[in-house]
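Here's the structure we're looking at; comments come further down.
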Amino acid sequence: MDRIATIKGFADLFSPESRAFTRMETAARRVFARYGYQELRVPVLEHTELFQRGIGAATDVVQKEMYTFTDRGGRSVTMRPEATAGIMRAYLDSGRNRQEAVTRLFTFGPMFRYERPQKGRLRQFHQIDCECLNAAEPHVDAEMTVMVMRFMSELGIDDLELQLNSLGCARCRPAYRALLRDWLGRLDRDRLCEDCRRRLDANPLRVLDCKMPGCQALTAGAPFVAAHICPDCREHFDTVRRLVAAEGVDFTLNHRLVRGLDYYTRTAFEVVSRGIGSQGAVAGGGRYDGLAAAIGGPDVPAIGFACGMERLAMLLPAEDDPRPDFHAAVLAAQADALDTAFAVCQALRDAGFHGELDHMPRSMKAAMRRADKSKARCVLIFGPDELAAGTVAVKRLDNGEQATTPLADAVSIVAGIVVTS
Ligand code: HAM
């Protein structure tokens with residue numbers, strides 16, 4: 001029979017990757033707490049309509065990448081391709097918009113997009129996601145942008161570029177969109193890539209951030225959004241840039257940065273690494289003042305970002321000591337010693353030590369070698385003599401000293417070795 005393998009684009013994360021994920025989550029909790037963020041966990045499955053209306057029906061994510069299926073009750077449901085729409089839904093569902101002035105939330109978890117897998121791009125990937133809800137002030141945009149970069153520094157990742165843009169608002173964007181569509185309409189359609197030809201009518205802004213060199217050359221002279229935003233948006237963006245710069249955070253203005261999800265308004269940003277190939281965006285986000293209304297809620301100005309954990313993991317500096325402290329390897333040399341060895345090993349754990357029982361090793365020599373290689377502090381050996389006398393042989397692995405002690409003293413002997421070795 002064929003052995004069943006994992007689904008294409010889905011990955012198993014053993015250590016050290018899984019440990020890297022824990023390190024990122026721990027650092028995120030530490031940094032975000034300083035800014036008042038609280039953890040939230042939302043479902044992986046949502047009504048398909050949430051993403052159609054929230055992210056936008058014309059986006060690549062909704063048109064081509066969602067894992068959508070009909071559940072047994074006949075409803076169309078979707079494995080979340082991102083967390084923002086679900087968090088906004090949860091926020092509105094919970095009534096927090098009526099109870100709290102500003103709500104700051106973060107979450108970790110898997111997202112699902114049916115993209116073409118390559119290095120740094122998976123179909124199940126993980127995000128660290130932060131959202132600040134019900135805040136319109138540019139100070140919040142600046143706070144969040146600075147927080148992302150402080151988080152990266154805390155992880156030891158410094159060689160990154162922060163890119164900023166402003167996408168305007170519901171008042172100024174329609175005129176810009178019409179202007180851009182006119183401008184693009186004068187191009188030779190056939191010279192654009194297939195995706196851009198499709199985007200021309202439904203999503204003209206996305207033509208600007210197409211990565212194909214041909215499309216980029218063709219649109220080099222296009223009107224860029226930041227030059228056509230209204231005075232309010234201009235003032236908002238100027239303040240964001242001033243505050244971010246004042247915190248010593250370098251950034252570049254990227255006029256082509258329009259983001260792949262339709263909900264963005266005003267500030268948009270990405271954090272890009274040149275070190276990990278073509279999938280260099282390690283974080284992306286921005287303001288999305290219209291999302292709540294798009295999913296049937298009131299107006300809730302908000303801003304957020306998400307980091308791709310697999311991409312961040314590629315940039316994380318190596319750990320100093322990746323292995324957890326291993327205190328005692330417990331060896332039962334014969335079958336009738338196994339129960340006693342089991343009980344002593346358990347007593348060690350109950351006292352807070354890391355003990356591992358080697359169940360009936362076939363060769364004691366090989367078992368000792370294994371224990372040595374595992375960097376255990378000591379080995380507890382249960383052989384026939386020890387069993388008969390109610391004792392255990394304890395060997396320190398730092399200096400090779402061995403002593404036989406009564407069973408009742410085993411835990412305190414190990415405790416002594418742990419503090420002195
Ligand atoms: P996004 O730019 O689509 O934004 O994704 C954010 C990050 O997730 C990307 O910068 C990238 O690091 C990672 N990512 C995206 N797709 C993949 C993939 N297929 N494989 C591996 N990593 C991936 C959002 O998702 C927005 N919800 C961010 C946001 C939060 N905006 C406001 N609040």
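The values are calculated or read from the model by the stated rules, or taken from the named source; none is laboratory data. In this text the structure is predicted, and so the values were computed from the model without any measurement. Positions of Cβ are backbone-derived with ideal geometry, glycine not excepted, and every protein chain shown enters the neighbour counts.
Could you tell me which residue of the stretch 212-245 is farthest from the chain's Cα centre (by Cα), considering only residues that are within 30 Å of Asp188 (Cβ to Cβ) and not hydrophobic (A, V, I, L, M, F, W, C)?
So the first thing to find is which residues in the stretch 212-245 are within 30 Å of Asp188 (Cβ to Cβ), and the list is 212-229.
From the residues that got through so far, the ones that are not hydrophobic (A, V, I, L, M, F, W, C) too are 213-214, 216, 219, 221, 223, 228.
Details: Pro213: 30, Gly214: 32, Gln216: 30, Thr219: 33, Gly221: 36, Pro223: 34, His228: 34 Å.
In this case the residue turns out to be Gly221.
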Among the candidates Glu131, Glu143, Glu161, single out the residue that is at pLDDT 95 or above and in a helix (DSSP H, G or I). Glu143
Pull up the stretch 36-57, narrow it to residues that are part of a loop (DSSP other than H, G, I, E, B) and more than 15 Å from the ligand (Cβ to nearest atom), then point me to the one that is modelled with the lowest pLDDT. Ala57
Can you tell me which residues in the stretch 336-393 are at negative phi, in a loop (DSSP other than H, G, I, E, B), in contact with a Phe, Trp or Tyr (Cβ under 9 Å, 6 or more places away or on another chain) and not small (Gly, Ala, Ser)? His354, His359, Arg377
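Does Asp325 count as within 30 Å of Ser18 (Cα to Cα), out of contact with any Leu (no Cβ under 9 Å at 6 or more places or on another chain) and either in contact (Cβ under 8 Å) with a residue 60 or more places away in the chain or away from the ligand (no atom under 16 Å from the Cβ) (or both)? Spell out the reasoning first.
On the way: within 30 Å of Ser18 (Cα to Cα): yes; out of contact with any Leu (no Cβ under 9 Å at 6 or more places or on another chain): yes; either in contact (Cβ under 8 Å) with a residue 60 or more places away in the chain or away from the ligand (no atom under 16 Å from the Cβ) (or both): yes.
Yes, satisfied.
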Pairs with Cβ under 8 Å, 6+ apart, first in the stretch 294-312 and under 30 Å from Gly156 (Cα atoms) and touching a residue at least 40 places away in the same chain (Cβ under 8 Å), second of a type in the set (Lys, Arg) and crowded, with 24+ Cβ neighbours inside 10 Å: Ala302/Arg287; Ile303/Arg287
With the stretch 258-312 as the region, which strands (runs of 3 or more DSSP E) entirely inside it contain at least 2 residues that are touching a Phe, Trp or Tyr at 6+ places or on another chain (Cβ under 8 Å), within 29 Å of Lys119 (Cα to Cα) and more than 7 Å from the ligand (Cβ to nearest atom)? 265-273
Kindly indicate which of Thr26, Thr22, Thr59, Thr48 is touching a strand residue (DSSP E or B) at 6+ places or on another chain (Cβ under 8 Å), assigned by TED's automatic domain parsing to the domain that holds Ile303 and of a type in the set (Ser, Thr, Tyr). Thr48
